1. Can you find, within the range 297-312, the residue that is nearest to the ligand (Cβ to nearest atom) among those that are more than 29 Å from residue 132 (Cβ to Cβ) and not aliphatic (A, V, I, L, M)?
2. Which number in (1) within 16 Å of the ligand (Cβ to nearest atom); (2) of a type in the set (A, V, I, L, M, F, W, C); (3) over 22 Å from residue 19 (Cβ atoms) marks the one condition that residue 255 misses?
3. Out of everything in the range 406-424 that is assigned to a helix (DSSP H, G or I), at pLDDT 95 or above and small (Gly, Ala, Ser), what residue ends up being farthest from the ligand (Cβ to nearest atom)?
4. Any idea which of (1) surrounded by 22 or more Cβ atoms within 10 Å (Cβ to Cβ); (2) more than 15 Å from the ligand (Cβ to nearest atom) is the one residue 49 doesn't satisfy?
5. What do you reckon, is residue 689 free of Cβ contacts under 8 Å to residues at least 40 places away in the same chain and either touching a helix residue (DSSP H, G or I) at 6+ places or on another chain (Cβ under 6 Å) or charged (D, E, K, R) (or both)?
6. Check whether at least one residue in the range 576-595 is closer than 26 Å to residue 404 by Cα and in contact with a strand residue (DSSP E or B) (Cβ under 8 Å, 6 or more places away or on another chain), and report yes or no.
7. Would you confirm whether any residue within the range 224-231 is surrounded by fewer than 19 Cβ atoms within 10 Å (Cβ to Cβ), away from the ligand (no atom under 16 Å from the Cβ), not polar (S, T, N, Q) and not in a loop (DSSP other than H, G, I, E, B)?
8. Return yes when residue 169 is over 12 Å from the mean Cα position of the chain (by Cα), outside any strand (DSSP E or B), within 21 Å of residue 228 (Cβ to Cβ) and more than 16 Å from the ligand (Cβ to nearest atom) and no when it is not.
Amino acid sequence: MKTETELRELLASLTLEEKVGQLVQLSGEFFSDDEGLKTGPTQKLGIDPTMVELAGSVLNVAGAEKTRAVQEAYLAKSRHKIPLLFMNDVVYGCKTVLPIPLGFAASWDPDLVRECYAGAAEEARAMGIHVTFAPMLDLVRDARWGRSLESTGEDPWLTSVYARAMVEGLQGDDLARAGIASCIKHFAGYGAVEAGRDYNTVDMSERRLREMYLPPYRAAVEAGCRAVMPSFNVIDEVPSTANTWLLRDVLRGEWGFDGAVVTDYAAISELVPHGVAADDAEAARLALEAGVDVDMKTACYANNLCDLVRSGAVDEALVDEACLRVLTLKNDLGLFDDPYRGASPAEEERTFLTDEKRARARKLADESIVLLKNEHDLLPLDPQGEGRIALIGPYAASHALIGLWAVQGDPASVPTLAEALTEIAGDRVTCAQGSPYLVDESSLGFFGRSGAGDAAWDEDSLGALREEALAVARKADVVIMALGEHPMESGEGGSKADLRLPAIQRELLRAVHALGKPVVGVIFSGRTPVLSDIAPWCDALIEAWFPGTEGTHALADILFGVVNPSGRTAMTFPYATGQEPLYYNAFNTGRPEKTSGHTNRFTSRYVDCPTDPLYPFGYGLSYTTFAYENLRASSETLTADGTLEVSVDVTNTGRMAGDEVVQLYVRDLVGSVVRPVKELKGFERVHLEPGERRTVSFTIDEPMLRFWRRDLTFGSEPGAFEVMVGPHSAEVQTLPFTLVA
Ligand code: NOJ
């Protein structure tokens with residue numbers, strides 16, 4: 001490792017071009033040995049060819065052989081032997097793919113998430129990846145946004161808990177020895193794009209930004225994340241990539257962040273279409289001044305910074321500052337001692353998809369899957385029974401179970417649900433596709449080609465698929481419908497204006513339901529879809545998300561009762577798309593529908609749809625039942641330096657062992673600004689045998705009650721509060737207490 005003095009000496013020995021080179025990040029095709037290939041992308045990006053040679057980091061190249069070869073060739077030509085930095089998207093698992101973050105957020109198991117992220121870092125490190133663009137910490141309250149998939153849901157406190165776990169898991173204790181660096185994203189507020197449309201405008205008060213959206217990023221900074229990626233959106237009409245207030249005042253000034261700021265893809269050049277820069281040169285100046293260190297995938301820094309410095313338009317000290325941050329990151333990663341960081345095919349062999357990692361991914365999938373409905377205890381199915389099982393739907397025999405952002409994962413190696421069910425129930429299972437995911441994939445864009453294929457569906461072929469499925473269903477005693485969004489309908493660029501499942505699947509479900517057989521719906525999705533026209537046609541309903549490498553094994557275990565479901569959704573399931581944005585920690589309004597003195601018409605509600613969601617935040621069923629009794633508090637008052645113990649007795653009142661997630665909410669009844677009707681402040685996942693009773697206790701103290709007050713200072717306000725405990729946000733028991741000054 002170099003000392004800080006050595007790093008500064010190295011910096012001083014670099015030419016201006018070499019320093020700017022360290023700030024340039026290019027994708028893999030630039031580093032090919034094939035000169036022809038290299039010329040192509042260079043011309044396409046319009047980047048000065050000498051800067052290609054000097055670029056300091058690489059985007060999305062992975063695999064030990066490849067990264068070693070690129071590094072070796074680069075170092076052979078490099079004057080100062082400063083190793084390249086390899087950055088990649090390892091968003092939720094690497095080779096061993098975890099459930100999507102919105103899925104594993106339902107586990108309420110940050111310790112397991114930390115272990116799984118450590119495993120992902122180990123696999124990534126073996127491949128030569130040094131930094132991952134993860135975790136994604138954008139709070140999301142609007143399921144129209146396709147990137148809900150990558151988030152851990154709508155709650156700032158829960159997302160902060162996961163933020164810490166993910167960063168700690170990825171980076172470990174000593175980055176030079178193990179783990180990879182975490183570049184959190186997308187700073188800030190990207191989850192609040194208007195109308196859920198990707199890359200769209202964000203507009204909110206500074207108070208809301210600080211209260212709801214910033215805490216998860218801050219938690220990650222406090223956990224030591226080494227890099228931050230600004231978001232594509234604007235905040236107060238300034239794109240984050242040029243936002244000095246956000247990047248310098250808040251991130252570096254208030255939070256003390258001293259790591260690297262790495263743009264999102266092409267974000268500096270996008271300052272031009274945003275309309276805050278006239279050209280790439282101005283965009284480069286704005287970004288550098290705002291505190292952006294690394295330019296991902298544009299020629300803005302490469303082609304303009306040297307001239308800007310020489311003309312006096314930009315202070316060279318800003319280039320030095322940014323370059324030093326990049327060199328520091330390389331040093332902290334141990335790259336000056338070992339530019340390959342131990343990456344090798346042998347390491348890949350040793351670390352990829354090990355039994356241990358698979359077991360953890362499976363446990364996480366077990367805990368992520370949410371049972372939404374289970375009438376007449378239709379589930380679990382009897383693994384030893386004789387009944388015939390029809391498995392119908394586009395996801396019945398699909399491998400597309402890892403979601404859009406599992407870049408290193410291999411969907412083909414993920415067992416289909418049909419295979420996983422057959423492992424348990426053998427030839428009792430008969431499978432039929434029934435329908436495609438979507439009849440018309442044309443709007444999915446380029447990525448759609450890797451989905452269900454290019455099949456042009458005509459009425460005859462659709463009819464034949466359906467008839468085949470109905471014939472299979474007729475012979476069955478129970479039907480499992482494996483339905484969901486097209487795999488490319490969520491993730492980046494996957495925003496939707498209609499959150500219902502595709503019409504072809506809804507029609508198929510109704511046709512099967514009409515046969516009068518018991519129906520289990522299993523839904524695969526990268527968001528919380530509208531299921532109000534699915535649930536009535538299913539006796540039991542499961543949200544499976546995109547469950548990852550081991551997801552179908554977990555699902556089969558849940559369907560057959562080997563595992564008792566325990567997932568609790570971290571994002572509200574809307575009743576209808578028009579309710580979005582919809583979230584539990586909302587304000588009461590002056591005319592709350594249920595308690596207002598006004599006649600119902602003039603309360604805050606819809607005339608064509610319920611106000612409540614279909615399934616609220618924190619909701620999920622089990623094959624057993626839990627009773628909550630005897631909620632009590634150690635006192636009726638809380639002092640500024642004291643604590644309040646709140647306890648409840650939870651009993652497993654059913655016949656199967658199971659896990660319950662006991663949730664703690666608080667409400668500040670009167671504030672200098674309006675406060676949410678509920679805010680999550682704690683939880684505990686408890687395992688209870690049948691008949692077992694456990695006392696679950698939480699400690700409340702004054703710091704937990706702080707918020708951004710009317711004068712935008714952060715603190716609590718004495719007065720009346722409520723504490724609530726229960727199985728989910730819409731079912732709680734309440735006690736009052738008072739905070740005294
Ligand atoms: C664009 C996405 O917004 C970001 O999340 C990702 O890390 C980069 N592309 C790099 O692939």
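The values are calculated or read from the model by the stated rules, or taken from the named source; none is laboratory data. On a predicted model such as this, the values are computed, not experimentally measured, just so you know. Note: ideal-geometry Cβ built from the backbone for every residue, glycine included; neighbour counts use all protein chains shown.
1. 306
2. (1)
3. Selected residue: 418.
4. (1)
5. Criteria met by residue 689.
6. Yes.
7. Checking the range 224-231: not a single residue is surrounded by fewer than 19 Cβ atoms within 10 Å (Cβ to Cβ), away from the ligand (no atom under 16 Å from the Cβ), not polar (S, T, N, Q) and not in a loop (DSSP other than H, G, I, E, B).
8. So residue 169 passes the test.
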